[in-house]
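Below: the structure, in structure tokens.
The values are calculated or read from the model by the stated rules, or taken from the named source; none is laboratory data. Keep in mind that this is a model prediction, so the values were computed, not measured. Cβ placement follows ideal geometry from the backbone for every residue including glycine, while neighbour counts extend to all protein chains displayed.
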Amino acid sequence: MLPEIVAHRGASADLAEHTLAAYELALAQGATGLECDVRLSKDGELVCVHDRRVDRTSSGRGAVSTMTLAELDELRWGGEDKPGVLRLESLLDLLPPGVRLWIETKHPVRYGGLVEAKLVALLARHGLAKPPSKDDSSVVVMSFSAHAIRRVQRHAPRLPTVMLSGIRLTPRIGDYAGPSIERLRADPTYVERAGRPVYCWTVDDPADVLLCRRLGVRFIATNKPAATLEVLRGTVPETEPSR
């Protein structure tokens with residue numbers, strides 16, 4: 001069985017990350033999962049922004065947590081013609097049947113555990129906080145923070161979770177393991193030892209895609225959904241991953 005493709009911030013190699021256009025393109029390219037990062041605005045709204053500050057991805061400057069939703073909406077994001085930050089609720093509305101949304105809560109942040117509480121409340125309003133089973137859930141919650149994962153497990157025990165990790169060891173919690181591709185390159189036995197499905201990020205190099213398939217990674221997060229699917233379905237020669 002081929003790994004499932006999760007579009008990292010949308011088809012972000014082709015279009016600006018965390019824009020509806022990038023997510024719509026990812027779906028058109030065949031992604032069966034969409035990944036986003038969420039932060040809280042100053043007035044408590046969940047918005048899809050990776051960085052602590054808006055400087056890199058918008059026309060403005062400053063920390064997301066110090067700006068209201070109205071102020072974030074005045075900015076242009078990723079060179080878009082129309083201003084407006086992507087709300088998590090808009091992404092939930094875009095989600096078609098059979099496609100999962102992988103939501104990463106960012107930490108450390110100004111508002112601490114409030115982001116998980118707000119997230120679970122939003123999912124509950126959409127009828128997504130209590131899926132029939134974790135395998136049937138339309139949403140997966142991820143974090144590099146063990147405290148965040150435990151908060152989600154406490155607030156919404158039916159939601160599947162991922163404990164993200166880089167090279168450093170992390171607590172063995174969460175329903176899926178979430179290593180970086182650098183971790184798998186350094187330790188190819190990781191997947192076998194994980195004892196649970198593995199979500200690997202962020203995989204763009206064809207050799208890395210093939211490595212994930214060979215090791216049995218179940219979910220591949222990539223900026224290039226179309227290209228990654230071509231590698232998985234095709235006969236691209238295996239080469240050493242680029243460093």
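Worth a mention:
- Qualifying residue in the range 158-165 (condition: out of contact with any Lys or Arg (no Cβ under 9 Å at 6 or more places or on another chain) and assigned to a loop (DSSP other than H, G, I, E, B)): no
- Taking first residues from the range 182-197 that are in contact (Cβ under 8 Å) with a residue 12 or more places away in the chain and of a type in the set (A, V, I, L, M) and partners that are crowded, with 17+ Cβ neighbours inside 10 Å and part of a loop (DSSP other than H, G, I, E, B), the Cβ contacts under 7 Å between residues at least 6 apart in sequence or on separate chains come to V191/V217.
- Residues of the range 62-82 satisfying the condition of being modelled with pLDDT of 95 or more and surrounded by fewer than 19 Cβ atoms within 10 Å (Cβ to Cβ): G62, A63, S65, T66, T68, L69, A70, E71, D73, E74, L75, R76
Residues checked against (1) within 22 Å of G113 (Cα to Cα); (2) out of contact with any helix residue (DSSP H, G or I) (no Cβ under 9 Å at 6 or more places or on another chain):
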site: V64; (1), (2): yes, no
site: L69; (1), (2): yes, yes
site: P97; (1), (2): no, yes
site: L101; (1), (2): yes, no
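- Of all residues in the range 1-16, those satisfying the criterion of being buried (at least 24 other Cβ atoms within 10 Å of the Cβ), more than 10 Å from G33 (Cβ to Cβ) and out of contact with any Leu (no Cβ under 8 Å at 6 or more places or on another chain) are R9, S12.
- In this entry, A28 is excluded by the filter for residues that are over 27 Å from Y199 (Cα atoms), among the small types (G, A, S) and surrounded by fewer than 17 Cβ atoms within 10 Å (Cβ to Cβ).
- Candidates K118, K82, K130, filtered to the one that is part of a loop (DSSP other than H, G, I, E, B) and either in contact (Cβ under 8 Å) with a residue 24 or more places away in the chain or among the aliphatic types (A, V, I, L, M) (or both): K130
- Residues of the range 181-221 that turn out to be under 28 Å from E17 (Cα atoms), buried (at least 21 other Cβ atoms within 10 Å of the Cβ) and of a type in the set (V, I, T), as a count: 6
- The set of residues from the range 133-180 being surrounded by fewer than 18 Cβ atoms within 10 Å (Cβ to Cβ), touching a residue at least 24 places away in the same chain (Cβ under 8 Å) and of a type in the set (A, V, I, L, M) comprises A146, I173.
- W102 meets each of the listed conditions (1) surrounded by 20 or more Cβ atoms within 10 Å (Cβ to Cβ); (2) touching a residue at least 60 places away in the same chain (Cβ under 8 Å); (3) out of contact with any Asp or Glu (no Cβ under 6 Å at 6 or more places or on another chain) apart from (3).
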